[in-house]
Structure formats: structure tokens, C-alpha cells
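The values are calculated or read from the model by the stated rules, or taken from the named source; none is laboratory data. The model shown is predicted, which means the values in this text are computed figures rather than measured ones. Please note: Cβ atoms are built from the backbone with ideal geometry, for glycine as well, and neighbour counts cover all protein chains shown.
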């Protein structure tokens, strides 16, 4: 005939008393625990007296305090955390707490009126497409070209003339098909020979993407005419 023995199950102490008991068994004082956990003495006391309302609000912060406490004692925290959640009435599923300094998710903007959201999106899209259009226009439009000298229709007796002008820094400048150097500010200057009569000067500025601006100047070169004067003596004077 089998004999049944009743086993007396000792009720589990509250989680705060278990923490205090673990600390005392380890031989640490409250001051030592505060130093080792880097928590204030008032937080250590609150943990050991079940005054969790004196800790920062939110189960995430309170659980972290318990974990730091037990880590110093080298004790697994799972059973302590589970008991804490049950005693304090928290749901088994951990609360999703947002740190005050954490960037708010985009769904926070769902509370805004739809009109404001649509307008904000439209403004952003307009800015993006406007910038892209501006960049494309810069690439496709011909470069600027300004000739300071000579003026069109200029007449000179010199056999050489200086071509001066400005364009965009990244352009290629040619004068009558010959490439000339351009300065960092887009300035260029080049002397060319003139022939007697009408001279056509064609200046072109070409971007690296192929767009070209051309200006033409007509310069006339007339040599100085030397007039000889013969003095005739009047035989009758």
C-alpha cells in the first residue's frame, strides 16, 4: 500500500524581497550596490521595498533597473522580470515605449489633416522636379558669350587686332576655328592678323555637352594712304 506525503510549498517572496535577500547573501551594502550599479541609493531602496512608483515610469526602465541590479550579483534575471511583470500588473507582452529623444515615426503625422499632408508632398515633389529641371536646363542651354572688342564694323589701319571677351569657365573658345585659352573667370584674349579689306571674325563658345554659341564681327583693315605733295615753283614769281 503506497503512502502519500504532503509537501508544503513555501509561498514565493515578492520580487523586491528576493532582490534584497540576494544582495545580503552577496554581502553588499546599499551603498556598494549603488556604486556598482551606478544607480542612486534611493533607487536601490525603492527596488528592495517594492516602491516601483519611485522609479522612472515605464516597465522598460524599471526592468532595466532590475537587470542592472542582478547583473552585479551575477544572477539570471528572467524569473525576477517575469515575477515583477505579474506583480505590477503589466501585460506579458512588453510595452513599446518611445524614448523622449527618439525620432518620432512617420505614422505620427497621420493625425494631420489630409489636405496638409497632400500639400506637403506636393511642395516636396515640386522642389525636386524644379531642381532637376534647372540642372537639365543648365546642361542643354547654350553657353553665354560676350565680346568686348572689337565692335562689329570696326575699321582700323593696324595689321593685328585683339579679340577680348568672356564666357563660362568650362567652355571651349575658338576664334576662326583656332582654340584659345580661357581664364578661370571665363575671360579670354587673343591677337589675330588682319588682311587688307574686310575681315570676318567668328568666335565660338562650346560646352562640353556640345551646345555652342557663336558671334561674328566684321572688321575692315585699311592701310594708311601716303599722299606726296609736289611743290611747284612759279617761274614767273
Item to check | Given (1) surrounded by 12 or more Cβ atoms within 10 Å (Cβ to Cβ); (2) out of contact with any strand residue (DSSP E or B) (no Cβ under 6 Å at 6 or more places or on another chain); (3) at pLDDT below 90; (4) under 28 Å from residue 153 (Cβ atoms), number of the condition residue 224 does not satisfy | outcome: (1)
Item to check | Number of the exception - residue 33 against (1) in contact with a helix residue (DSSP H, G or I) (Cβ under 6 Å, 6 or more places away or on another chain); (2) surrounded by 13 or more Cβ atoms within 10 Å (Cβ to Cβ); (3) at pLDDT below 90 | outcome: (3)
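Taking residue 136, is it at pLDDT 85 or above and part of a helix (DSSP H, G or I)? Walk me through how you get there before you give the answer.
On the way: at pLDDT 85 or above: no; part of a helix (DSSP H, G or I): yes.
The answer is no for residue 136.
May I ask you to list the residues in the stretch 171-193 that are in a strand (DSSP E or B) and farther than 17 Å from residue 210 by Cβ? It would help to see each step written out before you state the result.
Initially, the stretch 171-193 is screened for residues in a strand (DSSP E or B), giving 172-175, 178-180, 187-193.
175, 178, 180, 187, 188, 189, 190, 191, 192, 193 - these are the residues of the stretch 171-193 that are in a strand (DSSP E or B) and farther than 17 Å from residue 210 by Cβ.
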Checklist entry - Yes or no: residue 233 touching a strand residue (DSSP E or B) at 6+ places or on another chain (Cβ under 8 Å) and modelled with pLDDT under 85? => result no
Item to check | Residue in the stretch 52-76 that is farthest from residue 25 (Cα to Cα), counting only those that are modelled with pLDDT of 90 or more and in a loop (DSSP other than H, G, I, E, B) | outcome: 76
Checklist entry - Among the residues of the stretch 12-22, how many are out of contact with any helix residue (DSSP H, G or I) (no Cβ under 6 Å at 6 or more places or on another chain), in contact (Cβ under 8 Å) with a residue 12 or more places away in the chain and not in a loop (DSSP other than H, G, I, E, B)? => result 2
